[in-house]
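Values quoted throughout were computed directly from the atomic coordinates according to the rules given, and no laboratory measurement underlies them. It should be emphasised that the depicted structure is a prediction, and the values quoted were computed from it without experimental measurement. Here the Cβ is made from the backbone with ideal geometry for all residues, glycine too, and neighbour counts use every protein chain on show.
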Amino acid sequence: MLKAVPDVALVSLDAAKAEVTLRYELEKLFPTAKPKQPPAPEKITERVSSLIGQASKNTFTVTAPSTVPADKLTKVEIPIGVLDCKACRYAAYQAVAKVDGVERATVSVTPSAVIAWIDATRTKREALEEALKKARVELLNK
C-alpha cells in the first residue's frame, strides 16, 4: 500500500505495539512551503495521514506519536469473538481507538482480541468493553 505513496517510506513496523516509523521529505509533501517556515507538526501528520488514507481507501490513518511515555501506558487485552472479515475487525478497532485515553490500539486475529495501550488516568478497561458492546462486538469471558 505504501508503494502508492511515493513520498512516504516505511522505516519500521512493530505490529505488537501498533507502531510504525515513516520517512518523508518535507519538500515533497509541501512543495509550496517556504524553506525557513516548515509546516506545524500537526499539519505534517494530517498530510501523511491523508496520503495513506487515499492509498488505502481510508483503511489506514496516521496519528501523532503518543505524548504519554510508553512505560506509563497500560496494555489492555480484551478477548473477543471471531471477526472473520476485515471490515468487522476495523469496526472493533475504531470502537476502541476513539475512546479518550486510548493511545494505540490493534486487533489480533489469533487469538481474537482487541489490544489497546491506554493512559490509565484517562480511561479504564470497562470503557473499552462498553465501546465494543456498542459496536456489537462479542466479548469473551476474561
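Could you tell me how many of the residues in region 92-142 are hydrophobic (A, V, I, L, M, F, W, C) and loosely packed, with under 13 Cβ neighbours inside 10 Å?
2
Taking the criterion of being surrounded by 18 or more Cβ atoms within 10 Å (Cβ to Cβ), closer than 27 Å to Val11 by Cα, in contact with a helix residue (DSSP H, G or I) (Cβ under 6 Å, 6 or more places away or on another chain) and not acidic (Asp, Glu), would at least one residue in region 79-89 satisfy it?
Checked against the condition, which is being surrounded by 18 or more Cβ atoms within 10 Å (Cβ to Cβ), closer than 27 Å to Val11 by Cα, in contact with a helix residue (DSSP H, G or I) (Cβ under 6 Å, 6 or more places away or on another chain) and not acidic (Asp, Glu), region 79-89 yields no hits at all.
I need the full set of residues from region 41-57 which are surrounded by fewer than 14 Cβ atoms within 10 Å (Cβ to Cβ) and either under 23 Å from Ser112 (Cα atoms) or in contact with a helix residue (DSSP H, G or I) (Cβ under 9 Å, 6 or more places away or on another chain) (or both), in order please.
Selection gives Gln54 alone.
Just the residues that are charged (D, E, K, R), free of Cβ contacts under 8 Å to residues at least 12 places away in the same chain and farther than 28 Å from Tyr93 by Cβ, please, taken from region 13-59.
Once the filter is applied, which keeps residues that are charged (D, E, K, R), free of Cβ contacts under 8 Å to residues at least 12 places away in the same chain and farther than 28 Å from Tyr93 by Cβ, region 13-59 yields Glu27, Lys34, Lys36.
Kindly indicate whether Gln54 is assigned to a helix (DSSP H, G or I) and under 20 Å from Leu128 (Cβ atoms).
So Gln54 does not fit the description; no.
Only one of (1) under 23 Å from Arg125 (Cα atoms); (2) in contact (Cβ under 8 Å) with a residue 12 or more places away in the chain; (3) part of a loop (DSSP other than H, G, I, E, B) fails for Val62. Which number is that?
Checking Val62 against (1) under 23 Å from Arg125 (Cα atoms); (2) in contact (Cβ under 8 Å) with a residue 12 or more places away in the chain; (3) part of a loop (DSSP other than H, G, I, E, B), the one that fails is (1).
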